[in-house]
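Below: the structure, in structure tokens.
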């Protein structure tokens, strides 16, 4: 493995280890000053974040975990000028307050700096159903998932009839299923295309 490739791979692992540290300064260490982060699919309504906003978001998420690991299932490095890495990872941790184990997975498209030493931006495809579950049950109020807004407005549905409430719950379930299906399909397509297009898989 040449030096440039080894440097890029080390930066990716530093990022993954940063998530597992549950320390915002450690997570931010490999990130460039102009770093941006975007959660996909866009149907979740989670806005893109700069480095500062991402730090605040990460602090909120870290606060609900006792321990956490980002375990790479595969890492694909692009040797071209785009300096891009794609990581398919298993996210697993233990939630605080006795909430038990949390298991999820994601695909991160990571753009690195020219020298490979910094992370410029991340596009992160997540399991939509699990993202909604995190936002609704565990995450801080500022988690940023706009797809939850209709659910929040239904807290305390005393003014609804039983039939109306039932129809609303059915609509919510269908919406969540659709979101999950769309998100999973996008992740599968990304993985297949990248595995076919890239020559190096770790």
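I need the full set of residues from the stretch 75-107 which are within 23 Å of residue 41 (Cα to Cα) and loosely packed, with under 15 Cβ neighbours inside 10 Å, in order please.
Result: 82, 90, 103.
Quick check on this structure: which one of 20, 80, 60 is outside any strand (DSSP E or B), within 28 Å of residue 136 (Cα to Cα) and out of contact with any strand residue (DSSP E or B) (no Cβ under 8 Å at 6 or more places or on another chain)?
Details: 20 fails: out of contact with any strand residue (DSSP E or B) (no Cβ under 8 Å at 6 or more places or on another chain); 80 fails: within 28 Å of residue 136 (Cα to Cα).
Going through 20, 80, 60 in turn, just one is outside any strand (DSSP E or B), within 28 Å of residue 136 (Cα to Cα) and out of contact with any strand residue (DSSP E or B) (no Cβ under 8 Å at 6 or more places or on another chain): 60.
Being modelled with pLDDT of 95 or more, in contact with a helix residue (DSSP H, G or I) (Cβ under 6 Å, 6 or more places away or on another chain) and part of a helix (DSSP H, G or I) is the requirement here; does residue 55 meet it? Walk me through it before giving the result.
Working: modelled with pLDDT of 95 or more: yes; in contact with a helix residue (DSSP H, G or I) (Cβ under 6 Å, 6 or more places away or on another chain): yes; part of a helix (DSSP H, G or I): yes.
So residue 55 fits the description; yes.
Just to verify a result, which residue in the stretch 108-132, among those that are over 20 Å from residue 55 (Cα atoms) and touching a helix residue (DSSP H, G or I) at 6+ places or on another chain (Cβ under 8 Å), is surrounded by the most Cβ atoms within 10 Å (Cβ to Cβ)?
The initial filter retains those residues of the stretch 108-132 that are over 20 Å from residue 55 (Cα atoms), namely 114-116, 127-130, 132.
Still in the running and touching a helix residue (DSSP H, G or I) at 6+ places or on another chain (Cβ under 8 Å): 115-116, 127-129, 132.
Working: 115: 11, 116: 20, 127: 18, 128: 27, 129: 16, 132: 22.
For the stretch 108-132, the residue satisfying everything is 128.
List pairs: first residue in the stretch 96-123 and on the phi < 0 side of the Ramachandran plot, second residue part of a loop (DSSP other than H, G, I, E, B) and at pLDDT below 95 anywhere in the structure, Cβ distance under 6 angstrom, at least six positions apart or on different chains.
Filtered contacts from the stretch 96-123: 96/64; 104/127; 112/83.
The values are calculated or read from the model by the stated rules, or taken from the named source; none is laboratory data. Owing to the predicted nature of the structure, the values given are computational and were not obtained by experimental measurement. A quick note on method: Cβ atoms are made from the backbone with ideal geometry, for glycine too, and the neighbour counts reach across all protein chains shown.
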